[in-house]
Structures are given as structure tokens and as C-alpha cells.
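Have a look at the structure below, then the notes.
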């Protein structure tokens with residue numbers, strides 16, 4: 001049901017709201033916010049918006065950088081982490097024009113909406129449903145320092161295997177053996193349950209939560225399938241809730257892809273399917289794994305563009321420390337049923353025609369979810385439009401454990417980029433599928449690439465503690 005300004009005003013009165021908070025998204029996919037007293041909130045606020053400087057959010061705008069943020073009343077919710085009663089809303093960034101404002105094309109929420117419209121205009125589908133799996137670590141202590149005379153980090157989890165001689169309660173989890181462990185080993189159960197209850201209260205239906213493989217405090221929360229643009233909003237709120245609830249319990253949460261050496265990394269596997277007139281586009285009883293030719297072409301588009309997609313779905317230098325063999329992370333460009341070593345996995349348990357789907361396993365939650373989901377859709381639609389068959393292109397199906405293949409067979413497989421620099425090179429060379437229909441502005445991609453290249457250069461210049469171990473005495 002559409003929320004009106006009058007509904008918002010009534011909610012403010014009903015709940016005795018004192019502050020109204022507007023959450024905006026920067027180029028990296030992080031919330032920034034501006035707050036006004038509730039007594040100043042009016043219909044004019046919703047119409048005229050809140051002014052902000054887009055250049056400070058990382059957007060290289062050709063127009064003047066002064067923009068307005070227009071709140072979306074459908075996103076209104078009470079922020080559970082504010083002691084002062086606060087109503088929160090996200091929305092869209094607009095360029096100040098006369099007589100009317102127009103969407104800032106580089107703003108993440110506008111891009112995901114443009115991608116959805118491009119899909120509808122194509123006639124292929126009218127709805128994309130996605131389900132991101134959020135893997136994260138909860139640490140009891142973390143700290144780091146990057147200084148000329150001290151470079152290092154430390155972290156601790158009370159029940160990690162390295163505390164076996166100090167815990168004193170016998171409740172330590174063996175390395176890489178935490179998957180679905182129950183109490184008393186699952187010490188953060190209440191914390192995660194509260195996270196999920198808060199998500200449900202904010203209108204984000206949750207499928208489940210559980211301990212993940214990493215014994216140093218790794219967990220997963222999985223929402224239900226949702227419409228793409230709404231799930232992008234939900235993804236921001238899920239991360240916000242996880243971070244803030246962890247703090248409430250005296251812990252710290254991280255979605256960093258590889259925070260613990262030798263333990264499983266954090267991914268954000270994205271399940272996806274298309275609907276047209278509420279009917280499944282991806283279902284075919286006679287297709288491989290009961291998937292239609294459109295589903296296979298969609299997978300073909302993802303696999304064709306996977307190297308450039310990695311720059312958007314895995315946009316940190318740390319992302320590529322996760323994408324290595326041995327930790328259930330994908331390393332091979334290919335598809336298969338129930339195979340976690342291929343970048344696209346078709347879950348065998350999704351048997352209902354409306355639930356038949358596949359997951360892209362390489363993304364991680366350091367991405368900007370709006371950019372990530374929109375880019376995935378654009379690559380898949382390119383695959384359907386050009387009928388890119390993954391089998392004919394030699395990308396599978398790989399119905400075997402790719403980690404265990406003989407080395408000469410592994411050498412024949414195509415792998416994902418091994419660094420952010422490689423992914424950025426691929427994005428520079430291959431991005432026409434993103435700019436189709438004007439969905440991703442060329443200026444945004446140029447700025448994004450330049451920003452990420454600067455990060456790569458910065459990280460490459462910093463000595464690593466492991467280099468001292470390797471090279472100090474040579």
C-alpha cells in the first residue's frame with residue numbers, strides 16, 4: 001500500500017517522533033544522513049527535499065554538485081537504535097532544475113530503478129526477484145594500526161579455537177568447523193535473533209540465520225526473495241541493523257570478505273529469478289536442472305561479463321583474498337547444479353516452477369548493493385538479448401568438484417580475476433552492457449574506476465606484516 005505524506009504526519013504524532021532522519025547512499029554503498037526536528041517536517045519537505053553536495057558523496061557530476069534528496073515515504077520506519085524517537089527514510093537524489101527536478105543519474109537508487117525500467121521496456125520480464133545471503137563475522141575485539149613504525153591488526157573471538165587454553169569453559173569451536181553449531185558453542189544466538197526480529201519489524205521478511213563455517217565467529221542471515229529495488233533498500237538496512245545490534249551486544253560486525261587468515265571468507269551470494277505477468281521466466285521442466293533457455297542465456301550473460309562484473313560485485317582489494325580455492329568460494333567461470341566451486345550454482349532444492357533459480361556466488365557485501373544488483377540484471381539481460389548459451393561457450397555444466405580436478409584439467413578452466421586491478425581493467429574494456437539504455441552513466445563508471453584504482457595504488461604502497469616474515473632477513 002502506498003504511503004502518503006499524511007500517513008507520515010500521522011505516524012509522527014502517534015509515536016511522538018522528535019526527529020526525522022534522511023538516509024542517503026554514497027558511491028561506496030554506505031549510509032550518510034541528515035536529521036531535522038520532527039516539528040519542521042511538512043508536505044513541503046517531501047516535495048522540495050533536503051539539499052546536499054553530491055561531490056562529497058563521491059559522485060562526479062557534470063552539473064552543479066548541489067542536489068536535493070527527495071524522501072520516499074514508502075521507506076519510512078522508526079530507527080530502533082536512536083534513544084530519541086526518530087523516524088527514518090531513504091529516497092532519491094535529484095538535480096535542481098527549473099521548473100522541475102530530475103533524477104541524478106549517478107545516484108545508486110536511481111540506477112537500480114533505471115535497470116528495472118530497462119528490463120520492463122525490453123519485454124523480457126517485468127520483475128526481478130533476488131535473495132542475497134549476508135555472511136559476516138562477529139568479533140569480541142578488533143583493532144588495527146597503519147603507521148610508519150607499526151603496521152598490524154589484532155582480533156579476538158572468545159570461542160575461537162585459538163582460545164582453547166584460556167577460555168576455561170571448554171566451549172571453543174574447532175577451525176573451519178562452526179557450520180550450524182548449536183548452543184553452548186553458538187554464543188551469539190540472542191544477538192542474531194534480535195537482528196532478525198528488528199529486520200522483520202522493518203518489513204524485511206527473514207528466511208533464517210545460522211552459524212557459518214568460520215570458527216572465528218562467522219554467521220549468516222538470509223532474507224526471503226524480494227523485488228530487486230526494494231531488496232537494494234533492504235540490503236542497506238540489513239547491514240545497518242547488523243552493525244548496530246552487534247555494538248549493543250558488545251561486539252563488532254564486519255562484512256569484510258577475508259578478515260581472518262585461514263578461515264572462510266564472507267560472501268554475499270545472490271539468488272535471482274525473473275517473472276513476467278507473475279509467471280516464471282526461468283522455469284522449464286525439460287531444461288537442464290529444469291531451467292528455461294532464457295535462464296541459460298541469462299547465466300551466459302553473467303559468465304561472459306563476469307570479469308568486469310567483479311569490479312562492481314567485489315570492489316575491494318580484500319575481496320580477492322576470499323576468491324581462492326579451498327574455502328567454498330567460487331574460482332571457476334562456469335555453472336552447475338549444487339556445486340559451490342562454480343561461480344553460478346543452481347540449487348537442487350528449488351523445485352517449484354516459481355522458485356527455480358540460480359545464485360551468483362562471487363559477490364560480497366563490500367559492494368554498493370544498488371550497483372551490484374543493477375549490474376547483475378544488465379549482464380543477464382544482455383545474455384538473453386544476444387542468446388549467449390553458457391554450454392556452447394564451454395562454461396559447463398560442471399557437475400563435479402572443480403577443486404579436485406587434476407592440474408592439467410584445471411588449467412583448461414577460465415578463472416575469475418585474481419585482483420581488483422584485473423577486474424577494473426575488464427570493466428574499462430567491457431561495460432557497454434551497463435550503459436545500455438543509459439542505465440549506468442559513463443561518467444559514473446569512469447569515476448568509479450578512478451576511485452578504485454587510487455585505492456589499489458594506496459594499498460600496494462603499504463608494507464604488509466607478512467612481507468617482514470618473508471623478506472626481512474634476505
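The values are calculated or read from the model by the stated rules, or taken from the named source; none is laboratory data. Here the structure is a predicted model, which means the values were calculated and not measured. Cβ coordinates were reconstructed from backbone atoms using ideal geometry, including for glycine residues, and neighbour counts include every protein chain displayed.
Among the listed residues 70, 27, identify the single one that is within 27 Å of the chain's Cα centre (by Cα), in a loop (DSSP other than H, G, I, E, B) and closer than 30 Å to residue 443 by Cβ.
Details: 70 fails: in a loop (DSSP other than H, G, I, E, B).
None of the others qualify; the one that does is 27.
Can you tell which of 251, 276 is surrounded by fewer than 18 Cβ atoms within 10 Å (Cβ to Cβ) and touching a strand residue (DSSP E or B) at 6+ places or on another chain (Cβ under 9 Å)? Spell out the reasoning first.
Working: 251 fails: surrounded by fewer than 18 Cβ atoms within 10 Å (Cβ to Cβ).
Just a single option satisfies the conditions, and that option is 276.
Checking residue 258 against (1) farther than 28 Å from residue 457 by Cβ; (2) crowded, with 21+ Cβ neighbours inside 10 Å; (3) outside the structural domain of residue 411 (by TED's automatic domain parsing): exactly one of these is not met. Which one?
Unmet for residue 258, out of (1) farther than 28 Å from residue 457 by Cβ; (2) crowded, with 21+ Cβ neighbours inside 10 Å; (3) outside the structural domain of residue 411 (by TED's automatic domain parsing): (1).
Just to be sure before I move on: is residue 421 without any contact (Cβ under 8 Å) to a residue 60 or more places away in the chain and either assigned to a helix (DSSP H, G or I) or under 16 Å from the mean Cα position of the chain (by Cα) (or both) in the structure I sent?
Numbers: without any contact (Cβ under 8 Å) to a residue 60 or more places away in the chain: yes; either assigned to a helix (DSSP H, G or I) or under 16 Å from the mean Cα position of the chain (by Cα) (or both): yes.
It is true that residue 421 is without any contact (Cβ under 8 Å) to a residue 60 or more places away in the chain and either assigned to a helix (DSSP H, G or I) or under 16 Å from the mean Cα position of the chain (by Cα) (or both).
Consider region 261-282. How many of its residues are closer than 20 Å to residue 319 by Cβ and in contact with a helix residue (DSSP H, G or I) (Cβ under 6 Å, 6 or more places away or on another chain)?
Qualifying residue count for the region: 1.
Select from region 232-248 the residues that are in contact with a helix residue (DSSP H, G or I) (Cβ under 7 Å, 6 or more places away or on another chain) and within 16 Å of residue 364 (Cβ to Cβ) and write down the one among them that is surrounded by the fewest Cβ atoms within 10 Å (Cβ to Cβ).
Out of the qualifying residues, it is 236.
Condition check ((1) outside the structural domain of residue 248 (by TED's automatic domain parsing); (2) assigned to a helix (DSSP H, G or I); (3) free of Cβ contacts under 8 Å to residues at least 24 places away in the same chain) across all residues:
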position	(1), (2), (3)
110	yes, yes, yes
113	yes, yes, no
116	yes, yes, no
121	yes, yes, no
124	yes, no, no
143	no, no, yes
146	no, no, no
151	no, no, no
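Has region 157-176 got at least one residue that is assigned to a strand (DSSP E or B), under 30 Å from residue 464 (Cα atoms), outside the structural domain of residue 326 (by TED's automatic domain parsing) and in contact with a strand residue (DSSP E or B) (Cβ under 8 Å, 6 or more places away or on another chain)?
Going residue by residue through region 157-176, those that are assigned to a strand (DSSP E or B) are 160, 173.
Adding the requirement that they be under 30 Å from residue 464 (Cα atoms) leaves 160, 173.
Okay, now just the ones that are also outside the structural domain of residue 326 (by TED's automatic domain parsing), so 160, 173.
Subset that is in contact with a strand residue (DSSP E or B) (Cβ under 8 Å, 6 or more places away or on another chain): 160, 173.
Checked region 157-176: at least one residue is assigned to a strand (DSSP E or B), under 30 Å from residue 464 (Cα atoms), outside the structural domain of residue 326 (by TED's automatic domain parsing) and in contact with a strand residue (DSSP E or B) (Cβ under 8 Å, 6 or more places away or on another chain).
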